[in-house]
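J.: Sharing a structure with you now.
Just so it is clear, none of the values below were taken in a lab; they were calculated from the coordinates. Note that this is a predicted model, so its numbers are computed, not measured.
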């Protein structure tokens, strides 16, 4: 039995501080164990759930990535146009597989036939609620059914980038790929390389 099995968490208040595309909450809670209770206050950024997909063409040994602007990276003083796997937020109650097919089509123009669900992960659980569902999809050149580039009404400005898997993996080490979900999926591909064309 872990000591955490004896922990009590009681929410005292849960206040919406700001609401826009996402929600910033101020949560006050009592955290107690073994007769000792401490009242804590945390800010929580509520982002819901999301999907991310590694798209791979085994015939050409190419991964399909997108480059897009990220204001938080710009505010950190770094080049803000990140290379990433296609990804997007889920609507409440939406099926992750349907979401990943939609997002891949919007961003890359590829129609995914059979995306395979790999795993799920919280990306920054100390402050953000977002849980990402990770997928892998195999494509061929005939699966390119649209231009991609994102949606005009969402002011998306997305560039399609195709790289060999080896090049993409090397770009993690060189610091040219900094996005965590992209690194996770590329490393999954490196570990499962012999099964990518199954």
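J.: Return the calculated 222 nm mean residue ellipticity for the chain, to the nearest 500 deg cm²/dmol, obtained by summing -39500 (n - 2.57) across DSSP H runs with n ≥ 4 and dividing by the residue count.
T.: Roughly -6000 deg cm²/dmol at 222 nm, from the helical runs in the chain.
J.: Running a GNM on the chain with Cα contacts under 10 Å, which residue among 186, 24, 83 ends up with the highest mean-square fluctuation?
T.: 24
J.: Name the shape class, rounded, prolate or oblate, that the alpha-carbon gyration tensor gives for the range 49-195, where a ≥ b ≥ c are the square roots of its eigenvalues, rounded holds for a/c under 1.5, and otherwise prolate holds if a/b is larger than b/c and oblate otherwise.
T.: rounded
J.: Another question, then. Over the range 40-143, what relative contact order in percent results from Cα pairs under 8 Å that are six or more residues apart?
T.: Computed over the range 40-143, the figure is 37 percent.
J.: Between residue 117 and residue 95, what length in nm is gained on full extension when 0.36 nm per residue of separation is reduced by their alpha carbon distance?
T.: 6.8 nm
J.: Against the longest alpha carbon principal axis of the chain, how many degrees, from 0 to 90 and to the nearest 10, is the axis of helix 96-108 turned?
T.: Tilt of helix 96-108: around 50 degrees.
J.: To the nearest 10 degrees, how steep is helix 180-191 against the longest Cα principal axis of the chain, on a 0 to 90 scale?
T.: In the chain, helix 180-191 runs at an angle near 60 degrees to the longest axis.
J.: Please find, in a Gaussian network model of the chain (springs between Cα atoms separated by less than 10 Å), the residue of 95, 61, 143 whose mean-square fluctuation is greatest.
T.: 95
J.: OK, next. Expressed as an acute angle from 0 to 90° and rounded to the nearest 10, what is the orientation of the C-alpha long axis of helix 165-174 relative to the principal long axis of the chain?
T.: 50 degrees
J.: So, one more: P(r) tail for the range 3-46, what percent of Cα pairs lie past 11 Å?
T.: 65 percent
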